[in-house]
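Asks: Before anything else, here's the structure in question.
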Amino acid sequence: MSLINQFYTLSDGFKLPKLGFGTFNEQFVQYQEKYNEAIECGYRFFDTASLYESERPLGAALKDCGLPREEFIIESKLWYDEMGYDGAKRALERSLKRLGTDYLDLYLIHWPRQTGAFDEDWKELDRQTWRALEEMVEEGTVKHLGTSNFLPHHLEALLPHCNIKPVVNQLELHPGYSQEAAVAYCHEKKIQPIAYCPLARQHPLCIAEDGILAYLAKQYGKSIQQIMLRFLIQKGILPIPGADRKEYMLANMDIFDFDLTAEELSILSCMPQNTWLGEHPDFSIPDRKTNQDDI
Ligand SMILES: NC(=O)c1ccc[n+]([C@@H]2O[C@H](COP(=O)([O-])OP(=O)(O)OC[C@H]3O[C@@H](n4cnc5c(N)ncnc54)[C@H](OP(=O)(O)O)[C@@H]3O)[C@@H](O)[C@H]2O)c1
């Protein structure tokens, strides 16, 4: 079994394991045992968010595991109903309390805009929110900053106003939705792309038995999911799969002992782009609210 001992070095020198663990999963989001298991398997980089309701059980698992806080990289996000200068400050306080920690390694704006209305208000809201995040870094309650669901035009509006640049950007990325333009932009700006839903939440077109992913899985003696994760890593992307079962947690780590060829990477990059999950940063913004009364 390969351990996650390979790292991406971010633009500010911070090192992130090439694989993280996602915590937005209806099967286990509230169950501390699942995070205990993930820690036992060797996961050290955890992605959470105020929206997911996974901060509290994850924090409990981190506390109970007996390992020092510094061994872990905890990434959380503030939701669009927590944006703005004051909103962001209050959101961080709540996240720290739920996680039972006094700092986050990474703090992300979860979504670039609050509505799909074609107005410019979101730009100022992003800038005000970012100003609060920069102060958190100065105070030491957050170590590094990032964005989530920011496409190039969202980053273009924010970057000129940043004193501290985002070091990561989370996007939906997987074979069948590879968002090459957005990934190339992130790489050019030295922003590490992180792939959410890296397994396309088991989209039927990805796991089809007669598909290209199944063919490659057979060739390499790996599962379709392992091919999907390996593809992302070879594209310089950091996947954060969620997994309920321990066997999946372990299998998802066992992807560092083979290489897809350049031709296979090209084939996977050029798969029909028809497996996205349907939430677009500008046009189909998820209608969800955070629970802000739980602390
Ligand atoms: N920034 C954002 O807006 C955003 C949006 C969505 C998600 N995320 C983050 O991204 C993370 C990952 O996304 P996701 O969990 O929604 O989707 P995903 O990782 O693409 O897929 C998770 C599904 O794949 C299954 N699975 C995991 N490993 C497997 C394996 N080795 N073999 C077979 N099936 C396997 C899981 O099964 P089980 O159900 O049995 O575990 C689950 O049904 C989330 O947990 C969250 O942290 C971020």
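A short reminder: the numbers here are calculations on the coordinates, not readings from a lab. Owing to the predicted nature of the structure, the values given are computational and were not obtained by experimental measurement. So basically every Cβ, Gly included, is an ideal-geometry build from the backbone, and we count neighbours across all protein chains shown.
Asks: Please list the non-local residues whose amide H lies under 5 Å from the amide H of GLN170, H modeled 1.01 Å from N, same-chain partners needing a gap of 5 or more.
Replies: THR147, SER148, ASN149, PHE150, ILE194
Asks: Net charge within 15 Å of ASP121 by Cβ-Cβ distance, Lys/Arg positive one each and Asp/Glu negative one each, not counting ASP121 itself?
Replies: On the way: positive: ARG113, LYS123, ARG127; negative: ASP81, ASP119, GLU120, GLU124, ASP126, ASP282.
After counting each charged neighbour, the total is -3.
Asks: Tell me the relative contact order for the range 2-269 as a rounded percent, counting alpha carbon contacts under 8 Å between residues six or more apart.
Replies: Reported as a whole number, the value is 19 percent.
Asks: Taking the Cα centre of each part, how many Å lie between the range 1-70 and the range 248-268?
Replies: Computed from Cα coordinates, the inter-centre distance equals 21 Å.
Asks: Separate question: Kirkwood hydrodynamic radius for the range 149-216: how many Å is it when counted over pairs of different Cα atoms?
Replies: Values: mean 1/r = 0.0749 Å⁻¹.
By the Kirkwood definition, the hydrodynamic radius is 13.4 Å.
Asks: Please name whichever of LEU213, GLY140, LEU171 sits farthest to the positive end of the charge dipole of the range 2-269, dipole taken about the Cα centre and charges placed at Cβ: Lys and Arg +1, Asp and Glu -1.
Replies: GLY140
Asks: What are the residues whose amide H is under 5 Å from the amide H of PHE21, where those residues sit 5 or more places off or on another chain and H is modelled from the backbone?
Replies: PHE45, PHE46, ASP47
Asks: So if I place +1 on the C-beta of Lys and Arg and -1 on the C-beta of Asp and Glu, and nothing else carries charge, what would the dipole magnitude of the chain be about its Cα centre? I want it in debye, nearest 20.
Replies: Once rounded to the nearest 20, the dipole reads 400 debye.
Asks: Tell me the label-point distance for the pair ASN274, ARG288, using the 7 Å Cα-to-Cβ offset, in nm and rounded to one decimal.
Replies: With each label placed 7 Å out from Cα toward Cβ, I get 2.7 nm.
Asks: How charged is the neighbourhood of PHE28? Take every other residue with its Cβ under 10 Å from the Cβ of PHE28, and add Lys/Arg as +1 and Asp/Glu as -1. Walk me through the numbers on the way to the answer.
Replies: Details: positive: LYS34, ARG245; negative: GLU26, GLU33, GLU37, ASP244.
Spelling it out: positives minus negatives among the neighbours equals -2.
Asks: Taking the Cα atoms of the range 2-269, report the difference between the largest and smallest coordinate on each principal axis, in whole Å and largest first.
Replies: Between the extreme Cα coordinates on each principal axis of the range 2-269 lie 53, 44, 33 Å.
Asks: Pick from LEU268, LEU133, LEU78: which residue has the top mean-square fluctuation in a GNM of the chain where Cα pairs under 10 Å get a spring?
Replies: Result for the chain, Cα springs under 10 Å: LEU268 fluctuates most.
Asks: Here's another thing I want to ask about it. Name the most mobile residue of LEU171, LEU125, LEU104, meaning the one with the largest mean-square fluctuation, in a Gaussian network model of the chain with Cα contacts below 10 Å.
Replies: LEU125
Asks: According to a simple spin-label model (label point 7 Å from Cα along Cα-to-Cβ), what is the distance in nm between ASP244 and LYS189?
Replies: So the label points at LYS189 and ASP244 sit 3.6 nm apart.
Asks: Another question, then. Give the peptides 192-199, 162-169 in descending order of average Cβ contacts within 10 Å, highest first. Let's see the in-between values first.
Replies: Working: 192-199: 24.5, 162-169: 19.1.
So the peptides 192-199, 162-169, ranked by packing, come out 192-199, 162-169.
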